[in-house]
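The block underneath contains the structure these notes are about, expressed in structure tokens.
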């Protein structure tokens, strides 16, 4: 048994390993950062091993680890800034004005690689499916909730736990759980009425493949008109760590032609397909000294055959591309 004094740390790690990815995603939803989630996961396993004797025979190891991971994440939230997206914290930018200085503090949400997401481990009691629960739009709204409300909503509506199980995590009454859950649901419902909320595309199909191929071609040939043709009229373009973002085709077109695609050079970028936050994504490489080096990770949100949102996470080091197992140059 795990709570036997003769059990070794290797025994514990072997039994806990199958839950590693889902626990990391849970911490990511709580914290909005893969790097913070990795720290939380490491602390979770350390606390679990130190408290292994408190694991009762009738306890589920998975539920016990989630309980610890949730409390670790809440502790970390007390020491970290709330993460968000430019679209949630700043008004749309004027494409005729220079870009403001980037904000390099850890205040922005980070994308997460598809490899961490388990599409099979879905509880029929959950209100959100796995794909929706990791979209940037959902995560942005989630980060606006107080920590405990955020955790209760995740355990109840994303993981599908019963209210009594959630109450056991926090050692509070059922009415307290239901009250916090109701407030969290109301906040998310109000936010959904004030901003567009789209599902990212989940599966490949010929129409999607054609759209993404056109998207790559537009970027690699600096074809602003070709890229604009793929966007919804109310599309959004954000570029963390810059706080500036643009809404609507006129503003995005002006930014593309006046900045990203300005000048005669047309082979400035190369794109490599990947997936992030439940939808299509691209690693963008920019030509420098004869090589193509990491420039950004773009996460696309699609709606009715058009691109509704393009979140362009600019990179300053190799960390983000390493998380996605992307090459350092092309």
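The values are calculated or read from the model by the stated rules, or taken from the named source; none is laboratory data. Fair warning: this is a prediction, and the values are worked out from it, not measured in the lab. Please note: Cβ atoms are built from the backbone with ideal geometry, for glycine as well, and neighbour counts cover all protein chains shown.
List of remarks:
- When the stretch 165-215 is filtered for residues that are in a helix (DSSP H, G or I), modelled with pLDDT under 85 and surrounded by 11 or more Cβ atoms within 10 Å (Cβ to Cβ), the ones remaining, listed by number, are 191, 192.
- Members of the stretch 69-93 that are in a loop (DSSP other than H, G, I, E, B) and in contact (Cβ under 8 Å) with a residue 40 or more places away in the chain: 78, 80, 82, 83, 85, 90, 92, 93
- Residue check for residue 63: in contact with a helix residue (DSSP H, G or I) (Cβ under 6 Å, 6 or more places away or on another chain) and either assigned to a helix (DSSP H, G or I) or farther than 19 Å from residue 115 by Cβ (or both): no
- Strands (runs of 3 or more DSSP E) wholly inside the stretch 232-316 containing at least 3 residues that are surrounded by 15 or more Cβ atoms within 10 Å (Cβ to Cβ) and without any contact (Cβ under 8 Å) to a residue 40 or more places away in the chain: 291-303
- Residue in the stretch 98-109 that is touching a strand residue (DSSP E or B) at 6+ places or on another chain (Cβ under 9 Å), assigned to a loop (DSSP other than H, G, I, E, B) and farther than 23 Å from residue 308 by Cβ present: yes
- Every residue from the stretch 143-163 that is part of a helix (DSSP H, G or I), under 21 Å from residue 63 (Cβ atoms) and under 18 Å from the mean Cα position of the chain (by Cα): 147, 150, 151, 153, 154, 155, 157, 158
- Checklist (1) modelled with pLDDT of 95 or more; (2) part of a loop (DSSP other than H, G, I, E, B) applied to residue 120, failing item: (1)
- When residues in the stretch 123-147 are screened for being over 20 Å from residue 21 (Cβ atoms) and at pLDDT 90 or above, 8 of them pass.
- Considering 106, 98, 102, the condition of being free of Cβ contacts under 8 Å to residues at least 24 places away in the same chain and either surrounded by fewer than 21 Cβ atoms within 10 Å (Cβ to Cβ) or more than 17 Å from residue 180 (Cβ to Cβ) (or both) is satisfied by 98 alone.
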